[in-house]
Amino acid sequence: MLAVYGTVLVFGFLLYSSYRDSNVSRISVSKLSDLDEEFEVGVSSLQVKNPKFLKVCFAGDYVHALKDAQQWFAAKDTEFKVALRAAGGPADVFNDDEHSSIVLLSHDSALILQLSWRAGLSVANFGCASVDGADIELKRYETNSSVRLFLPGATPKSPRGPGQARATLCAQKLERFVESIDEFLAQDPPTRFMSAAMRRYLPETGCRVEEVIRIVRASKFLVPLPENPAKYSIAFDNLDWRIGFVFEKNTGKITDPYIGSRHPPPPPFS
């Protein structure tokens, strides 16, 4: 009886996963012409062809395209809830380490276009914008045959309330980094995902002390901050990993990023 019950549960889960995934399409983009099916590709810009798509999002490269796109909408914004229902599920795994993605959203479906970094295709910024009248800027680099795409008017992830100062670029990137690290330390993924998040999101300069402290303190994995007049040694850890960097108060620079195991290697055989 238990075996039958277990089989029913597994079948039900697979059916639910299939349902969540059923409104998501995926395209691997290894050359610029692969975009022709969904975009009008010009010399210096792209335009979405299909009028059913209302939003275009540029998602990061460290793990989940749909989950990444979902985070650019406020919790009360349910207009694209159905289109993003597969976020965090099997459809998201399509966007793996080292790849950027374009996500096109209608009210009830999503299309993920995964850009191959090996082919020199990538996005230059993150966020979502309305498709109507939006031209995606396209820049070609003859030196290495790479292509970078920029989404004008991309919205910040967390809209700020009246009277709140616009976040600096450092703050926007650091927020994404801390969110990523929190997710990784909760799930313990391969280190290559952590390294990709560090490369993509950890800012190098232009940071303000109050912003950095506010953002890192939002992490449940933050190691207590030691007092130092010149710099902060900021670290996040779980039972297995520690991830950190040094923040210089006077210059606003972030230096010495690292990812390390908390388990010492076994002693060598004698």
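Here's the yes/no breakdown for (1) surrounded by 15 or more Cβ atoms within 10 Å (Cβ to Cβ); (2) part of a helix (DSSP H, G or I); (3) at pLDDT 90 or above; (4) among the hydroxyl-bearing types (Ser, Thr, Tyr):
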position	(1), (2), (3), (4)
Val4	no, yes, no, no
Val10	no, yes, no, no
Leu15	no, yes, no, no
Glu37	no, no, yes, no
Phe53	yes, no, yes, no
Val56	yes, no, yes, no
Val63	yes, no, no, no
Asp68	yes, yes, no, no
Ala75	no, no, no, no
* Asked: Out of all the residues in region 247-266, is one or more open to solvent by less than 50 Å² (accessible area, probe 1.4 Å), in contact (Cβ under 8 Å) with a residue 24 or more places away in the chain and under 20 Å from Arg192 (Cβ atoms)?
  -> no
* Listed residues Lys139, Lys173; which is modelled with pLDDT of 80 or more and in a helix (DSSP H, G or I)? -> Lys173
* Asked: Taking region 184-221, which residues are over 19 Å from Gln172 (Cβ atoms) and in contact with a strand residue (DSSP E or B) (Cβ under 7 Å, 6 or more places away or on another chain)?
  -> Leu185, Thr191, Met194, Ser195, Phe221
* To do: Can you tell me which residue within region 124-136, out of those that are open to solvent by 30 Å² or more (accessible area, probe 1.4 Å) and either part of a loop (DSSP other than H, G, I, E, B) or farther than 23 Å from Leu66 by Cβ (or both), is modelled with the lowest pLDDT?
  => Gly133
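Of everything in region 87-110 that's aliphatic (A, V, I, L, M) and surrounded by fewer than 23 Cβ atoms within 10 Å (Cβ to Cβ), which residue is modelled with the highest pLDDT?
Going through the qualifying residues, I end up with Ala87.
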* Looking at Glu204, is it open to solvent by less than 30 Å² (accessible area, probe 1.4 Å) and in contact (Cβ under 8 Å) with a residue 12 or more places away in the chain? -> no
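Could you tell me whether Tyr258 is farther than 29 Å from Ala59 by Cβ and in a strand (DSSP E or B)?
no
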* To do: Could you tell me which numbered condition Phe184 fails, if it satisfies all but one of (1) touching a Leu at 6+ places or on another chain (Cβ under 8 Å); (2) of a type in the set (Phe, Trp, Tyr); (3) at pLDDT below 90?
  => (1)
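The values are calculated or read from the model by the stated rules, or taken from the named source; none is laboratory data. Every value quoted in this text rests on a predicted model; they were computed, and no experiment measured them. Note that we place each Cβ from the backbone using ideal geometry, even for glycine, and neighbour counts take in every protein chain shown. Heads up: the accessible areas ignore ligands, DNA and RNA and are worked out on the full protein's heavy atoms, side chains in. Shrake-Rupley method; radii C 1.70, N 1.55, O 1.52, S 1.80 Å.
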